[in-house]
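Have a look at the structure below before the remarks.
Here, each number is a calculation from the coordinates, and none is a lab measurement. Fair warning: this is a prediction, and the values are worked out from it, not measured in the lab. Cβ: placed from backbone, ideal geometry, glycine included. Neighbour counts: every protein chain shown.
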Amino acid sequence: MTSPFYTIIGTPFSTFTRAIALRLTRKGMPFTQVRCVPHSNTAYDNHPFGFLPTLIIHGIDGKTINLMLRESIAIARYIDKVAPEPSLHISPGRGKAIIEEQMWEFVSLLSRKGSLLGKMEELMANEGYVFGSKLSLPDFFLFPLLADLKAIPEGELLSPKMLNCMEERNKMEARPP
């Protein structure tokens, strides 16, 4: 089986584009990135509503297909299906792991930064991962948000523990190989 080649359509500073790029990088899946902003001509060429990201799957089993997969969760599920290891899923009951869907609550509640960051820090494992003792998908969604927060004045809310966690994630910033 020939490994498919992928292209991510999306802006590098997008939380969701970066989360997908980090996931592909962690799983050792080669990709290129076409940089564009939402609602640009390129975005509309790859998504009917001009949303980002889109993952283009250029081929499977030696056949050219150029299939466009849209929406972050659908893309993440596809990546996990074709490359199950290393697993980025958390297991309820392991360490401080909780139900994965709760990460979406954190993503959508960023407006309450101070209390949110405190709760997030309480849930972090000693190893500095979001919900357990190993790197998982929630880490990939949280890191871009924290990086964006650090770049603005509200970034002063980040604790030393969060800043250290970010420094570790910075070492693995997603870049196409």
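Hey, rough spin-label estimate for ILE152 and HIS89, points 7 angstrom out along Cα→Cβ, what's it come to in nanometres?
3.4 nm
Taking θ as phi - 60°, what are the ³J(HN,Hα) couplings along region 121-136 by the Karplus curve (6.51, -1.76, 1.60), each to the nearest whole Hz, with x for Gly and Pro?
5, 4, 7, 5, 6, 4, 6, x, 8, 4, 10, x, 8, 9, 4, 9
Using the structure shown, list the pairs from LYS81/LYS134; LYS63/LYS134; LYS81/LYS150; LYS27/LYS161; LYS27/LYS63 with a Cα-Cα distance above 29 Å, or answer none.
LYS63/LYS134; LYS81/LYS150
Could you check the simple spin-label distance between MET172 and LEU67, using points 7 Å along Cα→Cβ, in nm with one decimal?
For the pair MET172/LEU67, the computed spacing is 2.7 nm.
What distance in nm lies between label points placed 7 Å from Cα along the C-beta direction at GLU122 and TYR78?
Placing both labels 7 Å along Cα→Cβ, they lie 3.9 nm apart.
Given H placed 1.01 Å from N in the peptide plane, which residues other than close sequence neighbours of VAL34 have an amide H under 5 Å from its amide H?
ILE8, ILE9, GLY10
Using square roots of five times the C-alpha gyration tensor eigenvalues, list the equivalent-ellipsoid semi-axes of region 21-79 in whole Å, biggest first.
Equivalent ellipsoid semi-axes, largest first: 20, 14, 11 Å.
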